[in-house]
1. Would you tally the residues in segment B:103-140 being among the polar types (S, T, N, Q) and not in a loop (DSSP other than H, G, I, E, B)?
2. Of the conditions (1) more than 14 Å from chain A (Cβ to nearest Cβ); (2) within 12 Å of the chain's Cα centre (by Cα), residue B:64 fails just one. Which one is it?
3. Does residue A:198 satisfy being hydroxyl-bearing (Ser, Thr, Tyr), in contact (Cβ under 8 Å) with a residue 24 or more places away in the chain, surrounded by fewer than 17 Cβ atoms within 10 Å (Cβ to Cβ) and more than 14 Å from chain B (Cβ to nearest Cβ)?
4. For segment A:221-241, state whether one or more residues are assigned to a loop (DSSP other than H, G, I, E, B) and exposed (fewer than 15 other Cβ atoms within 10 Å of the Cβ).
5. Only one of (1) crowded, with 16+ Cβ neighbours inside 10 Å; (2) within 14 Å of chain A (Cβ to nearest Cβ); (3) assigned to a strand (DSSP E or B) fails for residue B:56. Which number is that?
6. Quick one: residue B:70 ticks every box in (1) surrounded by fewer than 19 Cβ atoms within 10 Å (Cβ to Cβ); (2) under 23 Å from residue B:15 (Cα atoms); (3) in contact (Cβ under 8 Å) with a residue 24 or more places away in the chain; (4) out of contact with any strand residue (DSSP E or B) (no Cβ under 7 Å at 6 or more places or on another chain) except a single one, so which number is it?
7. From B:49, B:19, B:83, grab the single residue that is at positive phi, surrounded by fewer than 15 Cβ atoms within 10 Å (Cβ to Cβ) and in contact with a helix residue (DSSP H, G or I) (Cβ under 7 Å, 6 or more places away or on another chain).
8. Look at segment B:25-53 and say how many of its residues are among the small types (Gly, Ala, Ser) and within 14 Å of chain A (Cβ to nearest Cβ).
Amino acid sequence: MGKFILRNVRLFAGGADLTSVNNSVELSSEVEEGETTNFGDYDPTTDRTWKSVLGGLASTALSAKGQWEAGDAGKVDDASWSGMGVVDAWTACPHTAADGALAWVLKALRSSYKLGGEVGDVAPWEAEASGTSPLVRGLVAHPPGTARIASGSGTGYNLGAITAGKSLYANLHVLSVAGTTPTITARIESDDNSNFTSATTRATFTAATAVGGQSLSATGPITDTWWRAAWTITGTSPSFLFLVSLGIA
Amino acid sequence: MDIQAVRQGLADRADTIAGLTVTAHVPDSVTEPHFFPAEVDVNFDQAYGRGMDELMVTCRVLVGRADDAASQALLSSYLKGSGATSLKAAIEGTPGVAQTLGGACDDLRVERVSGFRFYEHSGSRYVGAEIVIRVIGEGD
């Protein structure tokens, strides 16, 4: 991906697709510096003592703002108000939410929500969230614009094996639900080949019957290198719009 | 947003003022007093994913100059903030209710009046003013 102008950032928080009411997103990740400088760091060649550090606690923060809307669970005000103080799934895509697109995946506490402005303003909103899991650089494993009415599986991606000490992290954003007693149970599968001839379920989301978000993880080591989203749908005339994002960290 | 639909919607709202000639286009000849949307400035991409565009529509109201005092008084009546002859009130509609111009936009605000002066239009001179309206709606 080369240089580009921000025009189509996709932002998903819980069961809300905030894209069309969002005009600013900022993701940041920090690692605290723990200084370990000691007299042993003296370099006689340069006659200097060089500072030495260790990485300490890591943290992630997300801030976003845009145009305020309300009226159903998928609107920013309804979703933000019900999500205040709640740890939820957040996914941000810098350019598009198409299958395989770059996605930043995190689980975060919605820590701040502001609304209201000056007379004449387009009614604004601002929100902040503090990460409670690693910020994962991953991809879209199921795009939000493809309605699913039956069980199936998505495109497989070679993310590589998960070594010891690392995990797979995945988010599910259920954005739209229709039908009679509809239920979707999404899962993450892996295999050692791109045809998924012997797929193994590595993590399963809780069955969803309404819009909302979920996060889960699968701990390594896992030697499989191919990964995909899959789902089981039940109900009468069910139809779901959902996004699955995943990555390894 | 469909710019022409917005212009038509603004004209339709202004047309609720009795005695005012209204067109959705800049007319070749004016039947005064005459209101019409003129220039349109577009700010695209006010939200990601073509979620919102913003239009700044400059409308004009022109009044004949047969009697200088009466014409300016009539013009002033159109520029009031409220009342039966108020363009702001007619265009914005019910306070607290988004003005969608029949679905052409999400909301609008009559922001200001400027240029209370003489105008020349198609070779004739009128006294008039410009009304600047901010319109927001989905990017198309």
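Readers should treat all values here as calculations from the given coordinates under stated rules, not as data from a laboratory. Keep in mind that what you see is a predicted model, and the values were worked out from it rather than measured. Reconstructed Cβ throughout: ideal geometry from the backbone, glycine too, with neighbour counts over all protein chains shown.
1. Taking segment B:103-140 and keeping what is among the polar types (S, T, N, Q), we get B:114, B:122, B:124.
If we keep only those that are not in a loop (DSSP other than H, G, I, E, B) as well, we get B:114, B:124.
Qualifying residue count, segment B:103-140: 2.
2. Looking at each condition in turn, residue B:64 falls short on (2).
3. Values: hydroxyl-bearing (Ser, Thr, Tyr): yes; in contact (Cβ under 8 Å) with a residue 24 or more places away in the chain: no; surrounded by fewer than 17 Cβ atoms within 10 Å (Cβ to Cβ): yes; more than 14 Å from chain B (Cβ to nearest Cβ): yes.
Taking the combined requirement at face value, the residue does not satisfy it.
4. Looking through segment A:221-241, at least one residue is assigned to a loop (DSSP other than H, G, I, E, B) and exposed (fewer than 15 other Cβ atoms within 10 Å of the Cβ).
5. Among (1) crowded, with 16+ Cβ neighbours inside 10 Å; (2) within 14 Å of chain A (Cβ to nearest Cβ); (3) assigned to a strand (DSSP E or B), the lone unmet condition for residue B:56 is (1).
6. Among (1) surrounded by fewer than 19 Cβ atoms within 10 Å (Cβ to Cβ); (2) under 23 Å from residue B:15 (Cα atoms); (3) in contact (Cβ under 8 Å) with a residue 24 or more places away in the chain; (4) out of contact with any strand residue (DSSP E or B) (no Cβ under 7 Å at 6 or more places or on another chain), residue B:70 violates only (3).
7. Details: B:49 fails: surrounded by fewer than 15 Cβ atoms within 10 Å (Cβ to Cβ); B:19 fails: in contact with a helix residue (DSSP H, G or I) (Cβ under 7 Å, 6 or more places away or on another chain).
Of the residues listed, the single one that is at positive phi, surrounded by fewer than 15 Cβ atoms within 10 Å (Cβ to Cβ) and in contact with a helix residue (DSSP H, G or I) (Cβ under 7 Å, 6 or more places away or on another chain) is B:83.
8. 3
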